[in-house]
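Asker: Sharing a structure below in structure tokens format, with a few things to ask.
The values are calculated or read from the model by the stated rules, or taken from the named source; none is laboratory data. Everything numeric here is computed off the predicted structure, so don't read it as measured data. Cβ coordinates were reconstructed from backbone atoms using ideal geometry, including for glycine residues, and neighbour counts include every protein chain displayed. Ligands, DNA and RNA are excluded from the accessible area calculation, which covers all protein heavy atoms including side chains. Shrake-Rupley method; radii C 1.70, N 1.55, O 1.52, S 1.80 Å.
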Amino acid sequence: MAELAKLGHIAFETPDLEESLWFFRDLMGMKVVERDDDTAYLCALRDYEHHTMSLTEGERGAIDHVGLRAADPESVEEYAEILEEKGYDVWWTEDGHEAGIGDSIMFETEADHRFEIYYEMEKPDIDGKQRSNIPMRRYSPEFANRVYPQRIDHAHVQDDTPEATSELFEEEFGMGLNEVFKSADGTIWGWWHATTPLPHDLAVHRLEEGEETEFHHIAYHLDHLQDLWDAADILAENNVEIDGGPGKHAITNANYLYVKDPASGIRLELFAGPGYLNFEPDWETVVWQENIGSEDDHQWFGTQYSLEGVPYTDR
């Protein structure tokens, strides 16, 4: 049976790679694992895969695809068959098409979200000085900055047919539905899905009918609430405007800070928590509505982030 292991990586484009690296690497503490011509591959301090983000020089800030790691090699082939039977246009990419990744499949949804499913992935090649002496860690804390991002946490997309996207996550990807948010009229506005015990690995929220599909944010996990305040301090020192927070979500119950890369507009969430971990086989989806306000303000405290996202790459 085809099964996903986790969210793996997200591939972005930026109009100014050097400025984006200044933001993600120098300010936010990501590590550059490899640089290949006009693409840089990054990971957080305790990511186990070769990279969890790639940045490629392009004409504008945009997203190319979301990468999902399968639980085993057989699942990649099974997903290819399942998705083709469902009518998706599925194509294979060969080992080496993207640094660190083996053979994979790619497909696009009707809402223009592009996903990659793969299993083979190299581990980060970490310089000996930077590598931690503690085996389950990757980078030593000595080579971290004050933000200290630990690992990729989740991604959030948005489109005008979110029911279909949520159905893909639940029925084809086998993800649980941990939480939903209902608008005042009873229409579901947001869905929070997970294939791991995290509050969510992928989420989707509703755009107005006819609005262009967008990518909302990529999130990295921080261990401590103080890390959010340190990040806010670093951003203020460098005149980078915060998009939302620091605050605390009602949905997912985690602490947050949102900020956009000034070069690309890619939104980064720093997610301090974990909020909660769900190990329950009979979890009942949590439904939020009037108890936490509206679509534009559903936090326990803190300012709401902008709902503006980044587009998909031209294809």
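Asker: Assuming Gly174 fulfils every condition listed in (1) over 20 Å from Glu110 (Cα atoms); (2) touching a residue at least 40 places away in the same chain (Cβ under 8 Å); (3) over 17 Å from the mean Cα position of the chain (by Cα) apart from one, which condition is it?
Answerer: (1) is the only condition that Gly174 fails.
Asker: Met106 passes all but one of (1) more than 30 Å from Tyr139 (Cα to Cα); (2) part of a loop (DSSP other than H, G, I, E, B); (3) aliphatic (A, V, I, L, M); which number fails?
Answerer: (2)
Asker: Another question, if that's okay. Spot the failing condition for Glu116; the list is (1) under 28 Å from Glu208 (Cβ atoms); (2) charged (D, E, K, R); (3) crowded, with 18+ Cβ neighbours inside 10 Å, and only one is missed.
Answerer: (1)
Asker: Considering region 223-249 alone, what residues qualify as being in a helix (DSSP H, G or I), open to solvent by 50 Å² or more (accessible area, probe 1.4 Å) and either in contact with an Asp or Glu (Cβ under 7 Å, 6 or more places away or on another chain) or not aliphatic (A, V, I, L, M) (or both)?
Answerer: Gln226, Trp229, Asp233, Glu237
Asker: For the subset of region 91-108 comprising residues that are open to solvent by 20 Å² or more (accessible area, probe 1.4 Å) and touching a residue at least 12 places away in the same chain (Cβ under 8 Å), which member is farthest from Phe173 (Cα to Cα)?
Answerer: Result: Asp95.
Asker: Go through Ala62, Ala5, Ala80 for me and flag whichever is surrounded by fewer than 23 Cβ atoms within 10 Å (Cβ to Cβ), of a type in the set (Gly, Ala, Ser) and within 18 Å of His217 (Cα to Cα).
Answerer: Among Ala62, Ala5, Ala80, only Ala62 is surrounded by fewer than 23 Cβ atoms within 10 Å (Cβ to Cβ), of a type in the set (Gly, Ala, Ser) and within 18 Å of His217 (Cα to Cα).
Asker: If I go through region 136-183 residue by residue, how many of them are part of a loop (DSSP other than H, G, I, E, B), surrounded by 21 or more Cβ atoms within 10 Å (Cβ to Cβ), in contact with a helix residue (DSSP H, G or I) (Cβ under 8 Å, 6 or more places away or on another chain) and of a type outside the set (A, V, I, L, M, F, W, C)?
Answerer: 1
Asker: For region 191-212, which positions are modelled with pLDDT of 95 or more and touching an Asp or Glu at 6+ places or on another chain (Cβ under 6 Å)?
Answerer: Across region 191-212, the qualifying residues are Trp192, Ala194, Thr195.
Asker: How many residues, within region 251-276, are surrounded by fewer than 19 Cβ atoms within 10 Å (Cβ to Cβ), modelled with pLDDT under 95 and either touching a Cys at 6+ places or on another chain (Cβ under 7 Å) or part of a loop (DSSP other than H, G, I, E, B) (or both)?
Answerer: 2
Asker: While we're here: (1) assigned to a loop (DSSP other than H, G, I, E, B); (2) among the polar types (S, T, N, Q); (3) crowded, with 16+ Cβ neighbours inside 10 Å: which one isn't true of Asn133, the others all being true?
Answerer: (3)
Asker: Pull up region 44-59, narrow it to residues that are over 19 Å from Ala263 (Cα atoms) and out of contact with any helix residue (DSSP H, G or I) (no Cβ under 8 Å at 6 or more places or on another chain), then point me to the one that is surrounded by the fewest Cβ atoms within 10 Å (Cβ to Cβ).
Answerer: Among those residues, the one meeting the criterion is Tyr48.
Asker: Taking Gly275 as meeting all but one of (1) on the phi > 0 side of the Ramachandran plot; (2) touching a helix residue (DSSP H, G or I) at 6+ places or on another chain (Cβ under 7 Å); (3) free of Cβ contacts under 8 Å to residues at least 60 places away in the same chain, write down the number of the exception.
Answerer: All conditions are met except number (3).
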